[in-house]
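Reading through the structure tokens given below for one structure.
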Amino acid sequence: MSEPGSAPSSIGVLTSGGDAAGMNPAVRAVIRTALHHGIDAYAIHEGYQGLVEGGEFIRRMEIADTDGILHKGGTAIGTARSQKFRTREGRRAAARNMLERGIDALVVIGGDGSLTGANMFRAEWAELLAELVDAGEVTRDVADAHPFLRLVGLVGSIDNDMSGTDMTIGADTALHRIVEAMDALRSTASSHQRSFVVEVMGRHCGYLALMASLATAANWVLIPEQPPADDWAEQMCRDIRAGRLIGRRQSVVVVAEGAEDREGNPITAEQIRKLLEDELGEDTRITTLGHVQRGGSPSAFDRYLATQLGCAAVERLLTDDPQTPAQLIGLRGNRVVTSPLMECVEQTRAVAERIKARDYDGAMLLRGGSFRQSYKILQTVQQAAARPTRPGRRRFRLAIVHGGGPAPGMNTAVRAAVRLGLDHGYTVLAVKNGFRGLRRGQVQEMGWMDVSGWVSDGGAELGTNRDVPSGEQIGQIAEQIAAHRIDGLLMAGGWSGYAAAYELHRHRDKYSALDIPIVCMPMTINNDVPGTELSIGSDTALNSIVTDVDKIRQSAVATRRVVVVEVMGRDCGYLALLSGIASGAERIYMPEDRITIDDLTSDIHAMAEGFRSGKRLGLIIRSEGADSVYNTWFITSLFEKEGGELFDARQAVLGHVQEGGDPSPFDRIHATTLTARCIEFLSEQLEAGGRASAMIGFQSGRQQFTDLTSYPALIESDVRRPVEQRWMESRRLAVIMRR
Ligand code: ADP
């Protein structure tokens, strides 16, 4: 045995409180990481109830026990509320059950209640052990061998209501469910010119209501953090009526469960329905989404998030001093971060307290910058028309153009650009068919309602292609920019769009018409453009891949099969790596790592070994650009031949379905918020007479601009990908998770 307290003997994991999609991937990651590091792992079933009861509730896990749960909603190890754990006696029984198995480290996945309970348990550990020794239930030697309880918490909660993490496990999936439902409601509402009041979960937190409204173009939203003005009823009716007058075929009001007025009185869906019917004569229906929001298969993001956090949780338990106060592992700015657990709980409760004390500005402040930004943007885009322009203000002319392959979210971005540009008092021009269209003068002025319904549409209404202008084409584009008096350009697209925008920027000395501010916004499923860690469209593509792979898995598991799935990405392995982690692939081949014959040989041996010890399915994800010789057909044939009697092998080339489909909630939200920053950037430049051009992106999760002049230095010279790819750090995670 190791020195008492030097490293945990065994790790236990439990899920507690309300269930959330993503709890299974988190449990799987905790167990696989522990086993990877040679530590025993126990799953504690039914939350604290299982910990108190012991026996069959606490089960030692092997890696095979974690097969087949990654894609399942809810929690396979169960969750329960436990009154007994609230008592000292209950917690003493829990400690005894843990010591019997040598467990002195816990990963608790739950909400603030569960984490508070866990922290109390940790603080009492030494006393509980002393009591157990006194009662003769545990020997002194055993107690001495486990002097501390190590504890880390992960937040499993659909509400996204916890400090210490930008996203809680389950919130993205809940958003998927809400947005799917609201897309469906919009089509029926529109057919009948009906109004809908949609109630979504969120007692103290308006995250789901706000983001779902942004992602589905709801007309009004009511959230607990920001009760409406006293005359809200008249205001809402005025806005809904104005929407009808400009031709909106449906009205949707979203109300969070915990919405209140400024007096602290609840605002109910029924109250809103009655208002819309009585005041406006609207045929109004209520839809309460209820528990549907919790359920279903976790989204790609939740699977990846939960896997990252589960792995980090165990590694913290292994490396932290055992006396370190309990920590919460979360995601901040796209990075896994650790914060003192109880500080996070207190901060979380502070928001609810501010709401209770009617300090709404304080509550909004605690929610953070992107929450406030989203609320502000939503208020603008849901207007029935642009606000009147200040007299004397110059009416600049902004154009939006796509470049590169289609990416889900492009229409969402155009909608936001048109509405936010018009609201700034500018003229907004849409360029059809990318830079080829710009060269040919395919430019049209856009009105507020021209983009109605575009928030959720996949594809690219304006058209996009991979044309990069060169030679005299640059001059032709300059002529069109001059002819249409374009003052600023927003390029929302991928690799070729960036290359094209840079070409224009590079020639600004030669053609004065090109000396305008240009801003590039990353929209490509491949996530291969510089200046950003994340591009819009890739989340939709990942969800599409993961959903398809789930189906492939189901069919393959019946026949002891290896499936080689080819995904897109050109020279960039982002989609392969992330979808591989989110779908539980054993092997991932990416362009960044060359494939060698030695890799293939050892991978075949490892796969055969797995099948010999009971594996029924092998999943390999191969990026389309991984290797020109060892292509998907080759690798499949090799596995088929070498698999012999053990397994057969099949290939699945997912192809262009990955580029299509309606954008995911994240892609819609990011397309809208990034566009807003781009319009602000262009506005700042134009109002101040500036000429700077930039690429916007997420860096450390924050919206950041990088000078467009630095574009060549940020990309590889011989392959299509940026020099820096932070997501490559997750390769280690893929290795730890595979079996
Ligand atoms: P959530 O974790 O989703 O906030 P609850 O507040 O219902 O959910 O907590 C789940 C469980 O955590 C409770 O049933 C109880 O066993 C335990 N728990 C919550 N708060 C405490 C506490 N203050 N002391 C001890 N145990 C607690």
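Read-outs: derived from the displayed coordinates by stated rules, not from any lab. This structure is a prediction, so every number in the text was calculated from the model and none was measured. Note: ideal-geometry Cβ built from the backbone for every residue, glycine included; neighbour counts use all protein chains shown.
With θ set to phi - 60°, apply the Karplus curve 6.51 cos²θ - 1.76 cosθ + 1.60 along the range 327-335 and write out the HN-Hα couplings as whole Hz, x wherever there is a Gly or Pro.
My calculation for the range 327-335 gives 10, 10, 9, x, 10, 10, x, 6, 10 Hz in order.
Calculate the dipole size of the range 538-661 relative to its Cα centre from +1 charges on Lys and Arg beta carbons and -1 charges on Asp and Glu beta carbons; express the result in debye to the nearest 20.
That gives the range 538-661 a dipole magnitude of about 480 debye.
Taking a quarter of the surface of the Cα convex hull of the range 604-739, what do you get in nm²?
On the way: hull surface 48.4 nm².
Answer in nm², one decimal: 12.1.
Using +1 at the C-beta of Lys and Arg and -1 at the C-beta of Asp and Glu, which of 310, 276, 293 has the Cα lying farthest in the positive direction of the dipole of the range 223-314?
310
List the residues whose amide H sits under 5 Å from the amide H of residue 618, counting only those 5 or more places along or on another chain, with H placed 1.01 Å from N in the peptide plane.
561, 562, 563
May I ask you to sort 727, 633 by Cβ crowding, counting other Cβ atoms within 10 Å and putting the fewest first?
Going from sparsest to densest Cβ surroundings: 633, 727.
Taking the beta-carbon count within 10 Å as an exposure proxy, list 84, 432 from fewest neighbours to most. If you can, show how the numbers build up before the last one.
Details: 84 15, 432 18.
Exposure proxy ranking, most exposed first: 84, 432.
Got a sec to turn the phi values of the range 57-70 into Karplus ³J(HN,Hα) couplings, 6.51 cos²θ - 1.76 cosθ + 1.60 with θ = phi - 60°, whole Hz, x for Gly and Pro?
Going residue by residue, I get 6, 10, 10, 5, 10, 9, 4, 5, 5, 9, 5, x, 10, 3 Hz, with x marking Gly and Pro.
Helix 269-280 against the longest principal axis of the chain: what's the angle in degrees, Cα atoms only, rounded to the nearest 10?
Value to nearest ten degrees: 20.
Test of understanding: what is the full-extension gain from residue 324 to residue 628, defined as 0.36 nm times their sequence separation minus their Cα-Cα distance?
Values: separation 304, 0.36 × 304 = 109.44 nm, distance 5.00 nm.
Between residue 324 and residue 628, full extension yields an extra 104.4 nm.
Among 23, 590, rank each residue by its count of other Cβ atoms within 10 Å, from fewest to most, as a rough exposure measure. Write down the numbers at each step before the final one.
Values: 23 32, 590 26.
By the 10 Å Cβ count, ascending: 590, 23.
Under 25 °C and 0.890 mPa s, how fast does the range 464-538 diffuse according to Stokes-Einstein, given a Kirkwood radius computed over C-alpha pairs? Answer in µm²/s, whole number.
On the way: Rh = 12.8 Å.
Estimated via Stokes-Einstein, D reaches 191 µm²/s.
For the range 363-423 and the range 28-78, what is the centre-to-centre distance using only Cα atoms, to the nearest Å?
Result: 45 Å between the Cα centres.
For the range 487-564 and the range 99-165, what is the centre-to-centre distance using only Cα atoms, to the nearest Å?
Using only Cα atoms, the two centres lie 45 Å from each other.
Full extension from residue 646 to residue 350: what is 0.36 nm times the residue separation minus their Cα-Cα distance, to one decimal in nm? Spell out each step's value before the answer.
Details: separation 296, 0.36 × 296 = 106.56 nm, distance 5.77 nm.
Net length gain for the segment: 100.8 nm.
Give the percent of DSSP beta bridges with both residues in the range 171-293 that are antiparallel, rounded to the nearest 5.
On the way: 1 of 15 bridges.
Around 5 percent antiparallel, to the nearest 5.
If I stretch the segment between residue 597 and residue 187 completely, what's the gain in nm (0.36 nm per residue apart, minus their alpha carbon distance), one decimal? Numbers along the way, then the final one.
Values: separation 410, 0.36 × 410 = 147.60 nm, distance 5.25 nm.
Contour length minus Cα-Cα distance gives 142.4 nm.
Using only Cα positions of the chain, each an equal point scatterer, no hydration layer, compute I(q)/I(0) via Debye at q = 0.08, 0.12 Å⁻¹ and quote the log10 values to two decimals.
Each listed q maps to, in turn, -0.69, -1.34.
Would you grab the residues whose amide H sits under 5 Å from the one on residue 661? Only those 5+ places off in sequence or on another chain, please, with H modelled 1.01 Å from N.
Sorted by chain and number, the residues that satisfy this are 459.
Write down the percent of antiparallel bridges among all DSSP beta bridges whose residues are both part of the chain, to the nearest 5.
Working: 20 of 87 bridges.
Close to 25 percent.
Using the Cα centre of the range 477-540 as origin and beta-carbon charges of +1 (Lys, Arg) and -1 (Asp, Glu), tell me which of 514, 489, 531 is placed farthest towards the positive end of the dipole.
After comparing all options, I get 514.
Where Rh denotes the Kirkwood radius from the mean inverse Cα pair distance, what is Rg over Rh for the range 171-293?
We get a ratio of 0.94 for the range 171-293.
Rounding to the nearest 10 and keeping the result within 0 to 90°, find how far the Cα-based axis of helix 495-506 lies from the longest principal axis of the chain.
Result, in degrees: 50.
Which value in nm describes the separation of the simple spin-label points at residue 559 and residue 605, placed 7 Å from the Cα toward the beta carbon?
So the label points at residue 559 and residue 605 sit 2.9 nm apart.
Each residue of the range 34-48 in turn: what ³J(HN,Hα) in whole Hz from Karplus with 6.51, -1.76, 1.60 and θ = phi - 60°, glycine and Pro shown as x?
4, 5, 4, 8, x, 9, 5, 10, 10, 9, 9, 7, 6, x, 5
Compute the angle between helix 341-356 and the longest alpha-carbon principal axis of the chain, please, reported from 0 to 90 degrees and rounded to the nearest 10.
50
Suppose every K and R has +1 on its Cβ and every D and E has -1 on its Cβ; what is the size of the dipole of the range 171-293 about the Cα centre, in Debye to the nearest 20? Working shown, then result.
On the way: 13 positive and 19 negative charges, 109 e Å.
Charge dipole of the range 171-293: 520 debye, to the nearest 20.
Which of the listed residues, 555, 379, 52, is farthest toward the dipole's positive end in the chain, when Lys, Arg count +1 and Asp, Glu count -1 at the beta-carbon?
Looking along the dipole axis, the top candidate is 379.
Taking the Cα centre of the chain as origin, sum charge times position over the Cβ atoms of Lys and Arg (+1) and Asp and Glu (-1), and report the length of that vector in debye to the nearest 20.
On the way: 82 positive and 94 negative charges, 299 e Å.
Value, rounded to 20: 1440 debye.
Return the long-range amide H neighbours of residue 652 (sequence gap of 5 or more, or a different chain), with a cut-off of under 5 Å between placed amide H atoms.
HN-HN under 5 Å from residue 652: 564, 565, 566.
Whole angstrom only: what separates the Cα centroid of the range 661-683 from the Cα centroid of the range 262-284?
With the range 661-683 and the range 262-284 each reduced to a Cα centre, they are spaced 31 Å.
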